[in-house]
1. Could you give me the residue pairs with C-beta distances under 9 Å whose first residue belongs to region 1-24 and is in contact (Cβ under 8 Å) with a residue 12 or more places away in the chain and surrounded by 10 or more Cβ atoms within 10 Å (Cβ to Cβ), whose second residue is of a type in the set (Val, Ile, Thr) and assigned to a loop (DSSP other than H, G, I, E, B) wherever it lies, and which are 6+ apart or on separate chains?
2. Can you tell me how many residues in region 44-76 are surrounded by fewer than 10 Cβ atoms within 10 Å (Cβ to Cβ) and more than 34 Å from the chain's Cα centre (by Cα)?
3. Is it true that Arg45 is within 23 Å of Asp3 (Cα to Cα) and either out of contact with any Asp or Glu (no Cβ under 9 Å at 6 or more places or on another chain) or at pLDDT 85 or above (or both)?
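The values are calculated or read from the model by the stated rules, or taken from the named source; none is laboratory data. What you see is a predicted model; the values in this text were computed from it and never measured. Reconstructed Cβ throughout: ideal geometry from the backbone, glycine too, with neighbour counts over all protein chains shown.
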Amino acid sequence: MYDYLEPNQVYCGRSENLKRQIKPGGFMVINIADILAFKDSTMPRIQGLNASNRKCSVTREMVLQAKAQFPYYNRD
């Protein structure tokens, strides 16, 4: 059996081991920046979607043409 973790302290270790030591009703905060700072060869090398790279070239004329073609369409 594990001893419970003391509140307001910083603990390092694997979350699988630390979560067993939390008192019932307690919670744990994980610093994601630290997770990403250490290399993990088992973590797949993927990158999240970047909204600034997913732009399409819609011109003002295209918008006005669509408004004229579909005058009753709305965002609602």
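1. Tyr4/Ile22; Leu5/Ile22; Ser15/Ile30
2. Narrowing region 44-76 to residues surrounded by fewer than 10 Cβ atoms within 10 Å (Cβ to Cβ): 44-61, 68-76.
Within this subset, residues satisfying the condition of being more than 34 Å from the chain's Cα centre (by Cα) are 61, 68-72.
The number of residues fulfilling the criteria is 6.
3. Numbers: within 23 Å of Asp3 (Cα to Cα): no; either out of contact with any Asp or Glu (no Cβ under 9 Å at 6 or more places or on another chain) or at pLDDT 85 or above (or both): yes.
In short, no.
Listed here are the residues, each with its yes/no results for (1) in a loop (DSSP other than H, G, I, E, B); (2) at pLDDT 75 or above.
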site: Phe27; (1), (2): yes, yes
site: Ile35; (1), (2): no, no
site: Leu49; (1), (2): yes, no
site: Val58; (1), (2): yes, yes
site: Val63; (1), (2): no, yes
site: Tyr72; (1), (2): yes, yes
